[in-house]
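The values are calculated or read from the model by the stated rules, or taken from the named source; none is laboratory data. The structure displayed is predicted, hence computed values, not measured ones. Cβ sites come from the backbone with ideal geometry, for glycine too, and all protein chains shown count toward neighbours.
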């Protein structure tokens, strides 16, 4: 059985990752962004403070408002963990694994 490393998860699924901690971004959430290409990214987000602690979500962003130089029309959407589109579910789960192993509690 092939051993999956954190580095291989990133390389197989994402162009790049970007972590925004509740300490320096949104004071209630940790958010890990995974870029699917130069124009589009999804996030794994989790509330770490406030009344929704532990609630997970995914955000989808594409287009010029979110990616400099993009030619795509801008679009964004928020999905809670029970409503994530099947097209992105496995990549969202990978972001969750990466968050839990590398960023949780930081």
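Annotation note: of 17, 32, 95, the sole residue that is surrounded by 14 or more Cβ atoms within 10 Å (Cβ to Cβ), in a helix (DSSP H, G or I), in contact (Cβ under 8 Å) with a residue 60 or more places away in the chain and touching a helix residue (DSSP H, G or I) at 6+ places or on another chain (Cβ under 9 Å) is 95. Do the conditions hold for residue 61, that is, is it without any contact (Cβ under 8 Å) to a residue 60 or more places away in the chain, under 15 Å from the mean Cα position of the chain (by Cα) and part of a strand (DSSP E or B)? When the stated conditions are applied, residue 61 passes them. Candidates 106, 87, 102: the one that is surrounded by fewer than 16 Cβ atoms within 10 Å (Cβ to Cβ) and under 15 Å from residue 16 (Cβ atoms) is 102. Residues in the stretch 70-92 that are at pLDDT below 95 and assigned to a loop (DSSP other than H, G, I, E, B): 70, 71, 72, 73, 74. Going by the structure shown, is residue 9 out of contact with any strand residue (DSSP E or B) (no Cβ under 9 Å at 6 or more places or on another chain), crowded, with 18+ Cβ neighbours inside 10 Å and either farther than 19 Å from residue 105 by Cβ or at pLDDT 95 or above (or both)? In short, yes.
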